Amino acid sequence: MKKEMSFDKRGQMTMFIVIAILIISGIALLIFFNKGTPLIGSHQEINKKEFLESCVEEEVKNTLEIIGLQGGYFSESKIMTKPFSSGSTYGQKNIAVLCYNKNYFDPCINQDPMLIQHLNDEIKLGISKTVKDCFDALTLSLENQGFEVQAKYNGFDVQLLPEKLKLDIKGEITISQTGSTTKEKDFEILFRTRLYDIAIVAQNIINQEASTCSFDHSGFMLYFKEFSIDKIRTSDSFDIFAVKSKDSYEIFNFALRGCVIPPGV
């Protein structure tokens, strides 16, 4: 009889241990899957950075494409443009003339020597409204989840870098519920793009055309195989360049006019 009771106690103890292990494992899994999305009260808080990234991503992509196709300008160019049709895919675009000289024989003069900084400004112009709208949408989404929200939007900055675009959204969001409070400030989001890299190629072309009246794009592509460069000469002696990233398929178009030989010479 004592032996049977001993076995019963051991069986109960084993069962308690198994149950305890299952409970601990469940808690560990819950913590793992909710990493980065803290729980406040009875609601799971959304990941603010992921929300903002998803919200602005399409507008960032569209803005980068427009800027690339038009030679670095999102809306109206502040310098001379050249109408050019790149085919049925994009239709006719007004492409910025980034290097220009109206005279014969003389090399072109760089019209946009601070091209990368200018691209940052144009990107900011293109996505400004969307970034603010997405920040407001994040605030509303949190309120709809039952949180008490205090939000302050302080604008944003963008910076083109090799192989990426950095978007810094400046602001802070404080959320409260059932006595618990969390606060997050500023959100850095990275988007993959080769616009910086192809703009650097465009700068190299412009610098060589401005100094030597010639750019060997075939030779360049032998060393930098990740890019393709197309060049078209128009009837009025403008050169239209299209620099393309082979891995991302992004394009940067621009025009120039320089070192033109007059007809009959």
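Quick check on region 93-138: what are the equivalent-ellipsoid semi-axes from the Cα gyration tensor, as sqrt(5λ), descending, whole Å?
Ellipsoid semi-axes (Å, largest first): 37, 10, 4.
Would you mind checking the pairs Lys93/Lys246; Lys78/Lys185; Lys93/Lys166; Lys49/Lys124; Lys48/Lys132; Lys129/Lys152 and listing those with alpha carbons more than 24 angstrom apart?
Check vs 24 Å cut-off fails for Lys78/Lys185; Lys93/Lys166.
Semi-axes of region 40-257's equivalent ellipsoid from the Cα gyration tensor, sqrt of 5 times each eigenvalue, largest first, rounded to whole Å?
The equivalent ellipsoid of region 40-257 has semi-axes of 43, 16, 14 Å.
Lys185 to Ser141: extension gain in nm, 0.36 nm per residue of separation minus the Cα-Cα distance?
So the extension gain works out to 14.1 nm.
Limiting things to C-alpha atoms, what are the Rg and the maximum Cα-Cα separation (Dmax) for region 213-265, in angstroms?
13.1, 43
Per residue, how big is the convex hull around the C-alpha atoms of region 48-121? Give it to me in cubic angstrom, could you?
Expressed per residue, the convex hull around the Cα atoms of region 48-121 is 107 Å³.
Starting from the amide H of Thr193, placed 1.01 Å from N in the peptide plane, find each other amide H under 5 Å away whose residue is 5 or more places distant or on another chain.
Excluding prolines and chain starts, which carry no amide H, the hits are Lys164, Leu165.
Using alpha carbon centroids, what distance separates region 138-189 and region 235-264, in Å?
Between the Cα centre of region 138-189 and that of region 235-264, the gap is 42 Å.
Kindly state, to the nearest 0.05, the FRET efficiency for Ile46 paired with Ser248, given R0 = 41 Å and r defined as their beta-carbon distance.
FRET efficiency, Ile46 to Ser248: 0.90.
Can you list the equivalent-ellipsoid semi-axes of region 142-265, largest first and in whole Å, using the square root of 5 times each Cα gyration tensor eigenvalue?
The equivalent ellipsoid of region 142-265 has semi-axes of 50, 15, 11 Å.
Readers should treat all values here as calculations from the given coordinates under stated rules, not as data from a laboratory. On a predicted model such as this, the values are computed, not experimentally measured, just so you know. Heads up, the Cβs are rebuilt from the backbone with ideal geometry, glycines too, and the neighbour counts pull from every protein chain shown.
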